[in-house]
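Here is the structure we will look at.
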Amino acid sequence: MTSNLERHSERRPRVVDTAMYLALFGCVALGASLNFPGMDLPKDDWPAVLLAGISCLGLLKARDHPRSALAVATTCTVATGALGYLLTPLLLAPLMMALYWLALSTDPRTTRMYGVTVMAMVVITTLLDKPTTDMLLLRTLGPILWLLLPMVGGGRSRLRHAYTESVQARAAHAERTREEEARLRVAEERMRIARELHDVVAHHMAVANAQAGT
């Protein structure tokens, strides 16, 4: 199933991205509407939904501009947390996808630097918004763990793609080498035939010359 999804993503990347980001938008809309007992959460859902829509629009450029998409998603997520929403995995979905594209498109050092910065911003926003909440661990440690997942997954996908490209490059090189060896063997065979033909012709000419002299 994963290989089929990757093939469709390579053939029609914009269609797959649009469908995926619509699904992410639905996840955020669902996450904004959830209500947890004993927690003072905003009653209106539309601010979080609006910020999620902006994040998903930014993700449409994540393939070509992963840093810009991450900046948009981070800003919207921090704003969502500052408004008092609990940053569950549903609300973190656009930011998680942006981190995945960053890890897939850049080197590990860049991914770690951006990832640590994003997680610090999210945690600081949470601490400033609800410093004395009873669910402090859920508000701080939870987002960190969820944001680590796409970074690891994107890094693994990048390594897998690099390995696949190297295997394909080696196969193409081996194919070219076999073709060159085949052409070289054909050329050597032609040279051998030409030498033998030359020797035969030279021998017959020498015999004819000797007969003529006689």
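The values are calculated or read from the model by the stated rules, or taken from the named source; none is laboratory data. Please read these numbers as outputs of a predicted model, since none were measured by experiment. Cβ coordinates were reconstructed from backbone atoms using ideal geometry, including for glycine residues, and neighbour counts include every protein chain displayed. Keep in mind that these areas ignore ligands, DNA and RNA; they rest on the heavy atoms of the full protein, side chains included. Shrake-Rupley method; radii C 1.70, N 1.55, O 1.52, S 1.80 Å.
Worth a mention:
- Gyration tensor (alpha-carbon) shape descriptor, segment 105-212, a/c threshold 1.5: prolate
- Ordering of 94-101, 53-60 by burial proxy (mean other Cβ atoms within 10 Å per residue, highest first): 94-101, 53-60
- In order along segment 166-180, the phi-based Karplus estimate (6.51 cos²θ - 1.76 cosθ + 1.60, θ = phi - 60°) of 3J(HN,Hα) comes to 5, 5, 5, 5, 5, 5, 5, 5, 5, 5, 5, 5, 5, 5, 5 Hz; Gly and Pro are listed as x.
- Using a probe of 1.4 angstrom and keeping all protein chains present, the accessible surface of segment 136-213 works out to 79 square angstrom per residue.
- Counted by Cβ distance under 12 Å from E188, the other residues give a net charge of +3, where Lys and Arg count +1 and Asp and Glu count -1.
- Our Cα-only numbers for segment 74-119 put the radius of gyration and Dmax at 11.3, 34 Å.
- In sequence order, segment 71-80 has phi-based couplings of 5, 5, 5, 5, 4, 5, 5, 4, 5, 4 Hz under the Karplus curve 6.51 cos²θ - 1.76 cosθ + 1.60, θ = phi - 60°, and Gly or Pro positions carry x.
- As a fraction of the 1.4 Å probe accessible area of segment 40-112, surface on carbon and sulfur atoms comes out at 63 percent.
- Carbon + sulfur, % of accessible area of segment 136-213 - ligands and nucleic acids excluded, 1.4 Å: 65
- Considering only I193, A162, L141, the residue lying farthest towards the positive end of the dipole of segment 136-213 is L141, judged by Cα position with unit charges set on Cβ.
- Counting charges near T110 (Lys, Arg +1; Asp, Glu -1) among other residues having Cβ under 15 Å from its Cβ returns a value of +3.
- Ordering of 201-212, 104-115 by burial proxy (mean other Cβ atoms within 10 Å per residue, highest first): 104-115, 201-212
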